[in-house]
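First comes the structure, then the notes that go with it.
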Amino acid sequence: MTQSLHGIESPPDPGRFTLRLAGIIVLLYAQPLTRIVRLTVDDVVRDGDSVLLRLGEPASPVPAPVDSLLLEHIANRDNMDTATNPASRWLFPGRRAGQPFRPDHLSSLLNKVGVPAAAARGAAIRQQLLELPAPVVADALGYHDKTTTRLHNETGGTWSRYAPGDHARSPTGWLPQGPATVD
């Protein structure tokens with residue numbers, strides 16, 4: 001709730017939640033607006049006290065305080081009070097019945113508040129690739145592994161020796177050796 005001029009609390013402006021949340025998803029998860037507007041409330045997973053966003057496998061954790069903002073946005077989504085959208089599952093419902101928010105319109109609004117979505121997304125994915133191996137970023141954010149590998153090489157990342165896969169199991173026929181002893 002926000003304070004009004006007369007000291008009476010008014011509900012938060014849902015449009016502000018839309019822009020904040022869309023901008024955060026671009027910056028944290030390097031998602032294009034065409035994908036962000038296609039997210040549904042079913043892509044938001046509550047797991048105990050944790051909130052996850054299903055972008056790839058496994059679902060990505062949503063850090064605090066973004067998790068609260070995401071849940072607040074779901075409770076107060078725009079365009080839900082029209083006769084055409086009362087049961088919309090879109091995370092960002094549009095004005096037209098059954099349609100999500102238009103990505104070009106969202107891009108325009110984000111640019112007006114100082115978030116150039118395309119540039120921000122590019123910077124975000126490159127930062128992810130400097131911190132994590134390309135295959136991990138690809139799986140977590142729903143990117144193709146060839147895309148993340150190409151971007152990784154462009155950024156000059158240092159994960160060149162990372163071997164994806166299950167490192168908990170041993171190769172077939174491999175037997176562990178006991179500790180070396182000195183005679």
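The values are calculated or read from the model by the stated rules, or taken from the named source; none is laboratory data. All of these numbers come straight from a predicted model, not from anything done at the bench. Neighbour counts are summed over all protein chains in view; Cβ atoms, including those assigned to glycine, are modelled from backbone coordinates with ideal geometry. For the accessible areas, the whole protein counts, side chains as well, though only heavy atoms, and no ligand, DNA or RNA atoms are used. Shrake-Rupley method; radii C 1.70, N 1.55, O 1.52, S 1.80 Å.
Descriptive notes on the structure:
- Relative to the current alpha-carbon distance between K112 and N153, full extension at 0.36 nm per residue lengthens the span by 11.5 nm.
- Low-density loop positions, trypsin sites (Lys or Arg not before Pro), the range 78-157 - DSSP coil, at most 11 other Cβ in 10 Å: none
- Proximal charge balance of A117 [Cβ under 14 Å; K/R count +1, D/E count -1]: +4
- Residue-normalised accessible area of the range 21-130, given per residue in Å² at a 1.4 Å probe: 52 Å²
- Spin-label pair E131-T40: with each label point 7 Å from Cα along the Cα-Cβ axis, the two points sit 3.0 nm from one another.
- Using a probe of 1.4 Å, the accessible surface attributed to T149 totals some 60 Å² when neighbouring protein chains are kept in position.
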